Structure formats: C-alpha cells, structure tokens
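The values are calculated or read from the model by the stated rules, or taken from the named source; none is laboratory data. Just so it is clear, the model here is predicted, and its values are computed rather than measured. Neighbour counts run over all protein chains shown; Cβ positions are idealised from the backbone, glycine included. Note: accessible area is taken over every heavy atom of the protein model, side chains too, but ligands, DNA and RNA are not part of it. Shrake-Rupley method; radii C 1.70, N 1.55, O 1.52, S 1.80 Å.
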There are 4 protein chains.
Amino acid sequence: MTRKRCAVVGATGIAGQQFLVALDGHPWFEVTRLAASERSAGKTYADAIRDEKSGARRWWCVEPPPARMLDLSVENGEGLDLDGIDVVFSAVESDAARVLQPRYAKTTAVLSTASAFRYEDDVPIMVPGVNHGHAALIDRQRKLRGWSGFVVPLPNCTTMGLVVTLKPLLDRFGIERVIMTSMQGVSGAGRSPGVMALDIFDNVIPYIPGEEEKVARETGKILGLMGADGVAPTTFPVSATCTRAAVTEGHTEAVTVSLGRRATPRDVEAAFREFDGGLSGLPSAPRRLITVHDDPFRPQPRLDRDADGGMTTSVGRVREDDALDHGIKYVLVSHNTKMGAAKGAVLTAEYLLTTGYIK
Amino acid sequence: MTRKRCAVVGATGIAGQQFLVALDGHPWFEVTRLAASERSAGKTYADAIRDEKSGARRWWCVEPPPARMLDLSVENGEGLDLDGIDVVFSAVESDAARVLQPRYAKTTAVLSTASAFRYEDDVPIMVPGVNHGHAALIDRQRKLRGWSGFVVPLPNCTTMGLVVTLKPLLDRFGIERVIMTSMQGVSGAGRSPGVMALDIFDNVIPYIPGEEEKVARETGKILGLMGADGVAPTTFPVSATCTRAAVTEGHTEAVTVSLGRRATPRDVEAAFREFDGGLSGLPSAPRRLITVHDDPFRPQPRLDRDADGGMTTSVGRVREDDALDHGIKYVLVSHNTKMGAAKGAVLTAEYLLTTGYIK
Amino acid sequence: MTRKRCAVVGATGIAGQQFLVALDGHPWFEVTRLAASERSAGKTYADAIRDEKSGARRWWCVEPPPARMLDLSVENGEGLDLDGIDVVFSAVESDAARVLQPRYAKTTAVLSTASAFRYEDDVPIMVPGVNHGHAALIDRQRKLRGWSGFVVPLPNCTTMGLVVTLKPLLDRFGIERVIMTSMQGVSGAGRSPGVMALDIFDNVIPYIPGEEEKVARETGKILGLMGADGVAPTTFPVSATCTRAAVTEGHTEAVTVSLGRRATPRDVEAAFREFDGGLSGLPSAPRRLITVHDDPFRPQPRLDRDADGGMTTSVGRVREDDALDHGIKYVLVSHNTKMGAAKGAVLTAEYLLTTGYIK
Amino acid sequence: MTRKRCAVVGATGIAGQQFLVALDGHPWFEVTRLAASERSAGKTYADAIRDEKSGARRWWCVEPPPARMLDLSVENGEGLDLDGIDVVFSAVESDAARVLQPRYAKTTAVLSTASAFRYEDDVPIMVPGVNHGHAALIDRQRKLRGWSGFVVPLPNCTTMGLVVTLKPLLDRFGIERVIMTSMQGVSGAGRSPGVMALDIFDNVIPYIPGEEEKVARETGKILGLMGADGVAPTTFPVSATCTRAAVTEGHTEAVTVSLGRRATPRDVEAAFREFDGGLSGLPSAPRRLITVHDDPFRPQPRLDRDADGGMTTSVGRVREDDALDHGIKYVLVSHNTKMGAAKGAVLTAEYLLTTGYIK
C-alpha cells in the first residue's frame, strides 16, 4: 500500500508536535506538509520551533522531533494548498479551527483535536472502538455542506477515558447517572500559555474553564444512538468536577456510576476486560482498550499512562458504591496526549481509512 | 490563670512535633513533659530527634522546634508518670494508643490523633464547633471505665473538612447521600515510613488503605444525634474515594451532596458563611469555621491551607449537581496537620477546658 | 512621621504584586498610586488582575492582595503623573524601564527591579548592608543627568545571596576567584510567560539566558570600591552555572571561593555570623543578614527561604575545598522575591530615606 | 551460545528490581535464582514484593516486573547455594555485601552495586568503556584471596557520569582540578527508607551523607593508571557538592574542570563526541558513551535520562570557565539507576564475559 500523504496543521504547538511523534514511521500515513501560523511560514521546521531570543528548541514531547521533519518547510495554514494531500491532522485551537477546517474539508479529510465542530449535528465525535456507527454522520455532513472531505473532531482529553470505560457498562448494565472527579495532567493545557509551574507546584487547581460542560455534553453525544436523524444523545446526567494536578501527563478520574441494574465489581471488571472495540489490525490500536488492575494502588498516571503505547485506559479499584442505586465506582488513568489527543486522532484516521471514508 | 501542664506523647514523630508547634506560646497550656518510645527515653529532645548516622535533625514542620523543648528530657511513654500533668496530647499510632491511653486516662485527660478508640460507643470523636453535645459521652466513659480522666480522639484528617462543611448543610437542608473524592497531601501519612518521593512525584496514588472506611464511619458518628443511649449515627451513605496527590500539606476534597430539600448554590454558600461553631474566645479557633471563595480557581491547598492559622475550611465552586436529587457540589481545602490533627486537638482541649471536662 | 507616598509601576505583574505585599502596612511608606500598561489603565486594581476569559484573579503571592489596593484605580505607566509621589517602586521589565524610569527620575526617586540601568557608570546597584558607600553615585547621577530624583536598581535575584555572603569574606580574607552553581526557584522567572509546569516538573533546566553574565558583572560592581571616579569593580573572576529547579521560591547556590589567605571553615562561619550590615532600625531589615546553620542538611529553600521575613541569607555546609588555594565552599539559600526583589528594594528605600536621598 | 545463569541477590529492593528489568530478555544472561533477606525466603517473588498489610505490590520501576520472575521462589541470601550459577548480581547494601560477597566470590563472579569493596587495593571499580585495563586486578584479587570467582563493584551513581566525561578530557588534555555540583534524583536513595516526599517537594536538600567523599575517591581510582602494583589513583583534586533535587531519576552535574593545557569548548566537544569506549557488540552498550547537545537548555534529566536506553551520558553547555586556568565547564545528565547502577553492572558483566573473566 502506498502511504497516504498527510499535512499537520498547527505543527509547531504541543498538539502538533504530538502528531509528528504519533505519525513518525507510521505504516499507512506519511507527513509531507507542515503548516502553522504566519509567523512560522517560510521557515524550516527546525527554525520554526527555535526560540529566537534564547536559541532554545521549543519542543515538549519526551520523544525527540523526527529528523525528517526538521528540514521540511512550514507553510501558512491560512493559505494551505492541499493538492496531493489525503489527510489533514489539525492541531490548531478552536477559533482557528472554525475558520480553517471548512476550507480544508471541501476537498480533504480533516481529523481535529479542537472543540470547534464537536457539537454540530452533522459532525461525529469519533472515539475509536466506542462509536464506529457514528461515522455514518460523515455522509450527512458531506451532503449538507457540499464537501468531498469532512471534519471529524476527537473528544476532549478528559472525556476520552470516561467514554471508553462507560461504553461497556452502558451496553451490558445500562447507566442511570455518572459523577466524576478528574485530576488532570498539565500537558492537556500545554498550548500557549499552558500551566505555570508557580501555579501548580505543591498544589491542586480545582477548576478548568469549560471542561466540565464539555465532558457532560460530549459523553452524551458519543454514547448516543445513531438513528436516521443523526445521533440521539444519552439522557443520563454526567456531573464532573475537573481539577488540575501536579502531574505532567495522564488524566486520573474517580468515577461513580449508578448502573441500570445490579452488578458486582467482578461483573464490572469482566465487562471491562471483555470490551473489544473491534480495532484489531489498526497500527495504533492497543491490545486492549481497557486494562484492569487488581493492585488497589493502581492505576497511577506515572506508571500506567504509557501502557500499550499510551492507548489503553487503565482501570482499578472497582468496588460498590452504596451511595447510589446499583452504584459502582472505579478509578481510571488515560493518556491525555496519546489516546486523548494526537495518537487517538491517528487511530481514528486508521479506522476511517479501513472503512473507506479516507481514500 | 495558671497554665495547664501538658505531656506530649509520641513527641518525636511528625504528629508529635506538630503538637509542640501548636502548643508553643499557648496562653492556656504549657508543655512540661515529653514522652516517646524506649529508644528515645533518657535523651534530651534535641538528641532524640537527631539522626545518629547522619547527624541530621529529624524535624518535619516548617516552623522550627520551640527552643524550650530542645533541652527537655524525653521519657519512655510506656511508664510515663503523670503526676502534675493536667492533659496528655497523644500522637502515637493506633497500636500503641490502644495500650497506653487507658493507663493515662485513669487519672488524666487524653486528647489523641490515633484512630484507636474512635469507634467505641462511650468515646466521642470531637470536632470543635460541630458536635459539642457529644462531650457528654465523656461522663459515660468515666463511669463505665472507672476513669477520672478520659480519652477523646480527633477524627481522621480527611473526615475533618468534610464534617465541618456537612454540618451546616445537615442542619439547614438535611442530607440524603454524600460522594467525595479527596486529593490528600503527603504529610497526613508523615509518620514512619511516610510517602516516598519516588512514589508520588508526577503522580496520583488512588488508594490509601482504610481511609475511605474511616471517613464514612466517622462522618456518621460525628454528625449523629446525642441521645440518652449515646450517639445515634446518621444513616445517609458517605461514599469516598481517597487519593494521594503531589502536595505537601492540605487535603482537597471534591464533594457532592444530595440535600434533603432543594437549595440553590447561593443558599448553600449562605449556610457555610453563617455557620458559627460557638468557638469565640478559644485561642486556636479560626474567625470562621468555613471560608467561602468566589474565585472559581479557589480553594487551592498551597494558597489556602494556612488561612486563619490552618484552622478554617476553605470552600469554593459551590454549584448544582444535576446527577442527584437536590444535588449540590463543592470543593474544600482543609489543613490536615493543623485543623485536621494536632492543632485541632488543642482546640478541642480548649473547648473541654472551658466546659470543665479538663480541670 | 508622615508616611512617604509611593507609586508602584508594573503593579499587575508578579514583581509588582510582591511590592504591594512588601509595602502593606509599612510604617514609612504608603502606596497611593498604581500604574501598569495601557491595557489595565482606568480599571480598578481588582479588575485589572482579573482574567477576562475565566474570571480568575491573576495573583501569585501566597499572601492575599492588600484589601486597600483592590479599589485603587490603575493608571497608565506611560503617562504617570508623579505629583505628590515621593518614591516610585518600579517592577516593569527592562525594555519598559529604559523608557519610563528616566521620565520618573526627573523629579522622583525610583527603585527598580529591572536590569535596565544596572551597568551604567553613574548608577549604583544597591544591596542593603553591603555597599552603602555606593549611594554617593546618586549625587553624580543627578548632576550628570540633571535629575532631581534618581534611578537605583536592585541586583539580579541570583546575585543577591552571593554578594551578601561574599562581602564579609572579601573584607576579612580577600577573594581570588568564585565558582557558583545555582538551583533557582521558578518565581524568579514569574513574569510573562514564566516557567511552564511541563518544562520543570521532575526536571532541572541547566540554562537561564543571560543570568550567568549578570551574576558575574553585578558581583564585581557591587563589591567594587567607591572612589572619586565612581565604582572600580573587583577583578576576581566569578564563574556561574545557573539552573532552574523544581522549587517555587528560593534560590539555592553552591559556592566555592578561593580566599586571599588561609581560613578555616570556623573562621568563615565567624565572618558570616559577625557580619553586621548596619541596618538596625530599618523596618524591613532582618535581625542578621546571614544565618549560619550547623545542621548539614540545611539550608533548604522550602524550610529556610522565609526565615526572618525572607530577608536573611541562610548559609550552611561551610567546609574546605581542596581543589582551590585557600578554598572554601558553602551552600546558601536566598529568597528571590523577598530579599532578592521587591522587599529588598523596599529595604533599600528605607536606607535611602534615613540617609536623606529620599526626602 | 548458552545463556549464563545468574542469581540476583537483594532481589526485592529497588536496586534488585532494576537488575531484573535490566536482565529481562537479555541475550547472554538468564536469571534463574533470586535471593533476599530471611523475611522473604521461601516465598514466591510475587509474594515477597507484596506488602502484607495493604496488599500492594512494592515495585518501583516504571517497567513492570518480568512475568517469569513472579513465580520464582526467593532464597535466603545468607545461605545461597551457587551450584549452577555463573554470575551473581548483588544489590544488597554495603553491610550485607561485606559479609555475603566473599562467600559467593569463592566460586562465582560477583558484580555489585554496593560500596563495600570499592576501596580495596585488589578490587577494580569497573566502568564500562573507561578503565578496561583495571580488569587485570581481578587476577590479583583471585590470587591474594584464593577465590575462583571475584567481586567487582560499580562506582557510586554520582561518580558514573563524572568519570565517563572526565576520561576523554584526561586522555586528550590532562586534568588539574575538578569542581562539581550535583542535583541528584531521588531514586538513587531509593532503598529503605529512601527520600520522603515531605522532605523534597518544592525543595533542594544540600547534603547526601558520604556522597562527596565517594565521588572524589572513586574518580581518582577509576581514572588511575594500572601498573604492576595495582592502580595508582590520579592526584588531581575532585571537589564535589552533592545535593538532592525534586527529580525522580537522573543525576544532573555542573562540572568545572581545569585542564592540563588550553582547549576551546569546541575541542572539548570533539573529545566528547569522539570518545569510543570500545564497547561495540555488547548488548547493553549505548551507541555513544557521551551524547553532546547544542541546545543550551539541554541536557535535562526528564528529557535525556533515558537516551540510548539510559546508558549514554548527555552533555551540554560546554563553555570556557575564566575562574580557572584552562577552565572548561559543562553540564551532564546520567541515568543513576541504569548506567549508574544495575544496567551498568550488566554492561560490565558483558565486558567481563567477552574477555573471559566470566566463563
């Protein structure tokens, strides 16, 4: 198979860098174009990520920048020519996404980490292994908007681990209500200006603007039923408290669920273990979407975020919650910049390639 | 007034050190005796907290050790003679507490940070400002056990902030159920061996053995009604997920409460603000038991733990929770080693002195 | 005494906030005017430090903002009218300082934390207790520039602890060479954009642009001899390696000095202990400029930065260094945003008030 | 080739665990026996590392325990039978090493991370790529002690990065004196009781007992000349200040060297880059012993410790130091528990196998 040619837009920011890492050496996709803001246009990528004042390389991934990228010329995302490009991976923020992505989508498949189009009726929030059926919204989107490409956003990184673990519970037991408290890594806010060290050292910040609303809304849409008229969101309430913790990467979430019927912790663990998203064969897919820990001290973000390439959701401490009817509680860790962002978008693209939405 | 003479038992550990700091310069209490394990007996306090191998001072409070203490001789807690002592502040762990405290209580008032006697029917878990009526259990305890002193334990440090904030809600609105996720500072586990840096840097540990059960049980007892037959615990369920965060001091808790009747976030804030524990005049009491923040980014442990001498519970982000009937959620920060341990015990002793239980 | 009326310029940034805290309740100085950039002009201070998007208060000191300040109107520093102002405390960065401070200095005393004028021949870098004689440069400055006010900058925060400890060594033993490695807190870079958490968690950053050169140059000037023609810098080399550590506040420095003649560690400790800067009576002065620790595990930034109001330099581990002739090495901790910035500038202003330079 | 059979002694501690990870899937060595203290003897390894009270697995590596190890029975290191064992990797502390290792060495090759035998005249402190010639001391050791095995210790983890970088400088330019300040990760003290989080959060600890003396002494021996009478240590002074930083793994060192003759930073970088330890073909060897960074913000422990499997020493900020004759300074990062401990010992064993000392 010839590899699909990809452009990464917003390539100089932290999310864009994660795309470059996620796509490095990918068997199906090849990054051939880079775009960013006007300020970077015309520079090599190596120059574009070099701080002029200090000479430092502005690169935030632990993995080094792929050598091939350093000499690529960065284009202006505003006027990006998509000739010869099969897929656009877009890492720009929401305001820019709202402007740029419709232009790209006229001709090309666009996978996006921004929230811009998540809540539009004809746009699926794709989560690999969870809501493949929603891909059909792409057809509707194309028809309505007259695009031959499309825009498919990923969910918010905090939504990701939650929906991956709720899906098998919803399917097997039903869900009446969800209460969740997150302790999120700082890389999720890594884009300008990010979390200042002085604000988070020796601290917990109990508020992330807009995050709780996103989690509630996206969970309902992702787990909703695809029908003739689009996706009907689930109606069970999702109440989130989203906090920032002194952690580099990995989101930890304490989840309490009121199930639709009685289930023991063992039943729930079995549902987690047996959850098969139908992703086998996709290069970025984890062996298991959910990894269950018996050790009550797990999952921990530092030890578990990178499990299975950062693509599995680690779960532990499954136990009864006597404060709710059919209450079950557990703790999960999900890698917010792998499964929860760039690498999750790449996995989605892999799925859309095998199903023909990307050609 | 002549100051009451106090012994601090377990004086060399972190909780004991916090007692020395909390009692330094106290207008009503004076530390005149120190006790610890056999290993320290016979040494001056300065020598007892010096590591023999490295010569380092093993002292964990930010405040330096009170100069007067350094020359005091440390006695063996096993055979401590209480002649001339009015109050024992006990910072030993539960196993030792179970053995030593009954000996001391025969003649002397014992305030304890250990869990040893918390769940006995004739022992009140005293929380200053919250359950003064439970002090009457001391009479029952003395009668049943033939003691002229008594044992009064503090609650677990994680229970503390929770019951302080639930009390005004229970009184004004009633409570149907409570779900809480804590992000606890490492100093709460400061006693040997404490939390290792390698375990908690860049991490969250999702389990603290025994903590969740303590929170549920103690909350029920502390908020229970004192009757002729003792305390009848409340019956609403308290479901806790207790995690350890990369924070030195201060416990953060995300609390969701299903109230007995509808109340707006403003009603709840008013209840918090108007909560008056009747502690005025006690030297260690905060101006307000609860401090309400409007800034949605507060409370934060680093910024708020030391408010009002570490004795107020800081609350913020009060908002509706649509996942529960009459649901309200909020975030609190409580100082685990001030209000939640030694200084809270000193405040309790102040209260018991004004009410004649300590003479 | 009537309190001198002060303006704080750059009041909304982290250094400006530290001025407000340092001047809160000051017996000699009273903040009556606040200035910042055009963006803040016309707002109350409370509004100026509120993030518009999130509603959060942008305030970085552990101490809360002084209540009186919140209602003050913020003026535009560009056109600040100094009528009725006795002292300007300037917390703006160097580029702005170069433009604004000469305007202010025409009529008014300006104390500055910026590096802008530090290296000009007629400008003293004042360090309270170390180089009082350099104040005479103010006369020269006024004459040369035709100002009735003046500009006096503080040294870089990393220079501060170093010169405070080198001064008594230079006076008593002479100095041949200095090698220093710093481990600096993040608040020193607190101004926009500051150190990102993702960059410094679980990490050491081995480079702070420009810092090492500043330390070398400023040390030479501050310790230089005041003569008829100005300050003759010292000629011994100062070699610094400046690193950023995962510490909120407090700069730790490992210093190696080749002395002019042999001295034992005890001799050096005596020189430190007996160092009297002649600051008694100044409200912000520490009891001792240098505090010597015997415990080999001290000084530590978390335990020692706030000693004596953050104004003493804590020193420990004084020992011989056999790699240099008459070699001595020690470790120091200095509070970079108290003695090393705003509060140090206030102390300097106190000194200049008692000597008549501020009227 | 049949794989050599290995025993890991002290297998339950953090250093022992690192041996199990370093040897997992090794092409030349196979762990067939595990030993620890009496407390663990007779248990499976899975049980031996399970905390009885909490049920938690006491495992400190980010890599999970090799599955094969979990079922192995742990023997008592005191009476360990070495029948069928070719190599002992010993991770016990010095006191135990002094007793146990001579017993093992009677028949078997012993590689050790303890300091116990480092300073004995007939014992080489082996550093792969740096002092291969010292292996000849093994012959002397065998003869003098009547052993058919041997004891070869690794240097202290802080010495490791230093000697790797000093070696090419010594060979090419000569060395007159060395001054070094380290900022060490907490895992180096990971053995009981390790560094408590409460001690190191938001902090620097300026003292590590015994460390500075070890660095000076070991550096002299390792870089010394092997002669007919053993190793003659180098005579240039090595002055170290060893501090503990808030870093999980990786030691950062700021090094100042007075060279024997003038050399530019470019000359020094060339010496680093061209340093070839003759390790090609050894499975655990890095591609380069030293990796030189141009970016002045590197090396950083979080980004560089794992480079080349944690086996390369990363160097940056090479520049002149005008405080010393022919002064050069640089910053290095070395992985203290890979190259600086277990994996470094495995690399040494690989070398000794290829040279016939291990058979």
Does region B:309-334 hold any residues that are in contact with a helix residue (DSSP H, G or I) (Cβ under 8 Å, 6 or more places away or on another chain), under 27 Å from B:Val62 (Cα atoms) and part of a loop (DSSP other than H, G, I, E, B), and which are they?
B:Met311
Look at B:Arg287 and say whether it is more than 30 Å from A:Arg302 (Cβ to Cβ) and in contact (Cβ under 8 Å) with a residue 12 or more places away in the chain.
yes
Scan A:Arg261, A:Arg287 and give me the residue that is more than 14 Å from chain B (Cβ to nearest Cβ), open to solvent by 10 Å² or more (accessible area, probe 1.4 Å) and in contact with a Gly (Cβ under 9 Å, 6 or more places away or on another chain).
A:Arg261
Test set (1) surrounded by 23 or more Cβ atoms within 10 Å (Cβ to Cβ); (2) in contact with a Lys or Arg (Cβ under 9 Å, 6 or more places away or on another chain) - B:Pro102 fails condition number
(1)
If I ask for residues that are closer than 17 Å to C:Ile205 by Cα and more than 23 Å from the chain's Cα centre (by Cα), which ones from region A:54-72 would you list?
A:Ser54, A:Gly55, A:Ala56, A:Arg57
Can C:Ser115 be described as in a loop (DSSP other than H, G, I, E, B), surrounded by fewer than 23 Cβ atoms within 10 Å (Cβ to Cβ), at pLDDT below 95 and in contact with a helix residue (DSSP H, G or I) (Cβ under 6 Å, 6 or more places away or on another chain)?
yes
Scanning region D:196-216 for residues that are assigned to a loop (DSSP other than H, G, I, E, B), at the interface with chain C (Cβ under 10 Å from one of its Cβ atoms) and not polar (S, T, N, Q), the one nearest to B:Ser54 (Cα to Cα) turns out to be D:Pro209
Please indicate, with yes or no, whether at least one residue in region C:334-352 is more than 10 Å from every other protein chain (Cβ to nearest Cβ), within 18 Å of C:Arg273 (Cβ to Cβ), open to solvent by 10 Å² or more (accessible area, probe 1.4 Å) and modelled with pLDDT of 95 or more.
no
One residue is enough: does region D:316-331 have a residue meeting the conditions under 27 Å from C:Pro237 (Cβ atoms), open to solvent by 20 Å² or more (accessible area, probe 1.4 Å), more than 15 Å from the chain's Cα centre (by Cα) and away from chain C (no Cβ under 12 Å)?
yes
Answer with yes or no whether A:Ala270 is more than 14 Å from chain B (Cβ to nearest Cβ) and open to solvent by 20 Å² or more (accessible area, probe 1.4 Å).
yes
Among D:Asp83, D:Asp51, D:Asp95, which is over 30 Å from B:Ile208 (Cα atoms), free of Cβ contacts under 8 Å to residues at least 60 places away in the same chain and within 14 Å of chain B (Cβ to nearest Cβ)?
D:Asp95
Expected output for region A:258-284 (first residue more than 26 Å from A:Met311 (Cβ to Cβ) and in contact (Cβ under 8 Å) with a residue 12 or more places away in the chain, partner of a type in the set (Lys, Arg) and open to solvent by 20 Å² or more (accessible area, probe 1.4 Å), Cβ below 6 Å, 6+ apart or cross-chain) is A:Ser258/A:Arg177
Candidates D:Gly161, D:Gly146, filtered to the one that is under 30 Å from C:Val178 (Cβ atoms) and either modelled with pLDDT of 95 or more or within 14 Å of chain C (Cβ to nearest Cβ) (or both)
D:Gly161
Could you check how many residues of region A:221-255 are open to solvent by 10 Å² or more (accessible area, probe 1.4 Å), over 22 Å from A:Met196 (Cα atoms) and facing chain B (nearest Cβ under 9 Å)?
3
Strands (runs of 3 or more DSSP E) wholly in region D:1-106 with at least 2 residues that are of a type outside the set (A, V, I, L, M, F, W, C) - which ones?
D:4-9, D:29-36, D:74-76
Return yes when C:Val9 is open to solvent by less than 50 Å² (accessible area, probe 1.4 Å), touching a Cys at 6+ places or on another chain (Cβ under 7 Å) and of a type in the set (A, V, I, L, M) and no when it is not.
no
Picked from region C:15-43 (must be of a type in the set (Val, Ile, Thr) and open to solvent by 10 Å² or more (accessible area, probe 1.4 Å)), the residue farthest from C:Leu72 (Cα to Cα) is C:Val21
A:Ala46 fails exactly one of the following numbered conditions: (1) hydrophobic (A, V, I, L, M, F, W, C); (2) farther than 20 Å from A:Val346 by Cα; (3) away from chain D (no Cβ under 14 Å); (4) surrounded by 15 or more Cβ atoms within 10 Å (Cβ to Cβ). What is the number of that condition?
(3)
Do the conditions hold for C:Ile358, that is, is it open to solvent by less than 40 Å² (accessible area, probe 1.4 Å) and away from chain D (no Cβ under 14 Å)?
yes
On the given criteria, is B:Phe275 at the interface with chain A (Cβ under 8 Å from one of its Cβ atoms) and open to solvent by 10 Å² or more (accessible area, probe 1.4 Å)?
no
Looking at the structure I just gave you, is B:Pro301 at negative phi and in contact with a Pro (Cβ under 8 Å, 6 or more places away or on another chain)?
no
Leading residue by the ranking (surrounded by the fewest Cβ atoms within 10 Å (Cβ to Cβ)) among those in region B:166-196 that are at pLDDT 95 or above and among the polar types (S, T, N, Q)
B:Gln184
When both residues are 6+ apart or on different chains and their Cβ atoms are under 7 Å apart, which pairs have a first residue that lies in region C:290-308 and is assigned to a loop (DSSP other than H, G, I, E, B), and a second that is open to solvent by 40 Å² or more (accessible area, probe 1.4 Å)?
C:Asp295/B:Arg57; C:Pro296/D:Tyr207; C:Phe297/D:Tyr207
Top-ranked residue in region C:297-315 [being of a type in the set (Asp, Glu) and surrounded by fewer than 24 Cβ atoms within 10 Å (Cβ to Cβ); ranked as nearest to C:Ile179 (Cα to Cα)]
C:Asp306
